[in-house]
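Novice: Before I ask anything, let me first share the structure, which is written out below as structure tokens.
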Amino acid sequence: MPEESLASQNPPRRILVCGATGYVGGRLVPKLLDNGYRVRCLVRSPEKLRAFPWCDHERLEIVQGNLDDLPGVRAAIAGVDAAYYLVHAMISAGGDYAKRDRELANTFVEGLKDSSCRRVMYLGGLGELGPNLSMHLRSRGEVADILRQSDAETTVFRAAMIIGSGSASFEILRYLVERLPIMITPKWVKMETQPIAIRDVLRYLVECLDVPETAGRTIDIGGRDIHTYQKLMQIMAKSLGLPRRIIMPVPVLTPRLSSAWISLVTPVNASIARPLAEGLRNRTVCRNDDAQKLMPGPLFGVEDAIDAAIGKLNDGDIETRWSTAGEMPGDPEWSGGTVFDDVQTVKVAASADATFAALSRIGGKSGYWGADWLWWLRGLLDKCVGGPGLRRGRRHPNELSYGEAVDFWRVSGYERGRWLRLHAEMRLPGVAELEFRVEPQGPDQSQFVQTARFRPRGLLGLAYWYSVWPLHLFVFPRMVRGIKRDAELGSVASE
């Protein structure tokens, strides 16, 4: 690193964030805006950002594009001083995520050539080096190596488990502890780790911009405490007000078996759980204290971080969630081929706003207005074949936004007060959607239209539709009546 780096000549003021709709990126952007930076977000689906309260900030610029589109990447980088690369393909690319990560990182580096961007910040994974490093952590390291080859000075932050409401690692830990008083676990529960609170991660990511000594370095970041995963489970149990858990480590549970069990018990599906489970085999402890030397400040302990995250969950105040990240499915081309639908229409003695408010509570703890045991069974079957199941839940009990997950659905269309479309992410031999429209019919009258669509894939898809069709005759009318009832009750209560 030169004595006077490029980053020390002029502090960056214009920032590009890649991954702004992800768990960390969605929390970083408002911190940067609060610190006076001009922020440009490169996102595939700008609609996702509309869910954030900062989406209309005067210093925010939203650019639609993909990281695999080189001209689009160059256009997004043009004119910025620094960039955050907070992209990881694990959620959307399944077993091919390492290759996908390399491809995206190489395109980003190519886009940096001859640009004004002098600094790049990347958040990777913490783990001991060596031949036994998990594919997940190895992929993070490969991306870091690719980014270091750019003309910009790259700061690589390496973190272990991030503790915060809505993070995948935190949700795995919480659900396991909540639901299993007795746990038969892999032997890796005795491995040491140094978790870090999401608030401390964000502080380091923002402060490094004003600390030129961080440019071009790899910096391990962690919280105050080092614990085994077994100890973390007991701390979580205490924070949740639960008795101590009985934990029995055994040597025969492989990452594949562990991820299948995690997928069954928690909201995190197997394709995400397995890389995370594999990463737990590695000791994830900071090898130095450079972070605190360069950017000193108080750090959360594990208990305080868990308590803060649980407090956010209890208040329904979850800024971002792991399940919101990832590519949105394109609108299905319903024209052509066989398409089945089930349409339910009802008049509601309530305003369109009241009816939509009732609809907006769909899924999660509110359920589906009757026959919840059937939905639970469908979710269990989905989990058994590697789908997300119902336990993914939802970010907020009453509010929805484009791109977020609702159990085994994802919001693929949204217009507040008028229209909601849910795209099924359960394992299906076809494409399924639930669409809801609310049409005003007067001051205290509205029409509610619910449409279930299914486009079968092959003979198996046809067999599936006809096998569940009798259940639809029971489930969907109950849903419509339940939404109508809640809307009318809510309308009366507000008078």
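Novice: Residue by residue through region 347-359, what is 3J(HN,Hα) from phi via Karplus (6.51 cos²θ - 1.76 cosθ + 1.60, θ = phi - 60°)? Round to whole Hz and write x for glycine and proline.
Specialist: For region 347-359, the Karplus-derived couplings read 7, 10, 7, 7, 5, 4, 5, 5, 5, 5, 4, 5, 4 Hz, x marking Gly and Pro.
Novice: Within 10 Å, count the other beta carbons around each residue, average over each peptide in 461-470, 115-124, 30-39, and list them highest first. Let's see the in-between values first.
Specialist: Details: 461-470: 13.8, 115-124: 22.5, 30-39: 17.0.
Per-residue Cβ counts within 10 Å, averaged per peptide and sorted highest first, yield 115-124, 30-39, 461-470.
Novice: Averaging over every viewing direction, what projected area does the convex hull of the Cα atoms of region 340-493 cover, in nm²? Walk me through the numbers on the way to the answer.
Specialist: Details: hull surface 33.7 nm².
The directionally averaged projection comes out at 8.4 nm².
Novice: Compute the length gained on full extension between residue 463 and residue 70: take 0.36 nm times their separation in residues and subtract their Cα-Cα distance, giving the result in nm to one decimal.
Specialist: Contour length minus the Cα-Cα distance gives 137.1 nm.
Novice: Cut-off is 10 Å between beta-carbons; in what order do 438, 431 appear when sorted fewest neighbours first?
Specialist: In increasing order of surrounding Cβ atoms, one gets 431, 438.
Novice: Then there's this: Going by how many other Cβ atoms sit within 10 Å of their own, how do 52, 108 line up, fewest first?
Specialist: Least crowded to most crowded, the residues run 52, 108.
Novice: In the structure displayed, which of 231/383; 48/484; 190/365; 312/383; 31/312; 31/99 lie more than 23 Å apart, Cα to Cα?
Specialist: Values: 231/383 28 Å; 48/484 28 Å; 190/365 34 Å; 312/383 27 Å; 31/312 18 Å; 31/99 31 Å.
Result: 231/383; 48/484; 190/365; 312/383; 31/99 exceed 23 Å.
Novice: Would you order 47, 439 from fewest to most other beta-carbon atoms within 10 Å of each residue's own beta-carbon? Show your work: numbers first, answer last.
Specialist: Values: 47 19, 439 15.
Ranked by crowding around the Cβ, least crowded first: 439, 47.
Novice: Further question: By what distance, in whole Å, do the Cα atoms of region 391-458 stretch along each of the three principal axes, largest value first?
Specialist: 45, 29, 16
Novice: Could you tell me the relative contact order of region 340-493? Use alpha-carbon pairs under 8 Å, at least six residues apart, and round to a whole percent. Numbers along the way, then the final one.
Specialist: Numbers: 294 pairs, mean separation 51.0, N = 154.
Relative contact order for region 340-493 comes out at 33 percent.
Laboratory data are not the source of any read-out in this text; all were calculated from the coordinates shown. Just so you know, these numbers come straight off a predicted model, no measurement behind them. When we count neighbours, we look across all protein chains shown, and the Cβ atoms used for this are built from the backbone with ideal geometry, even at glycine.
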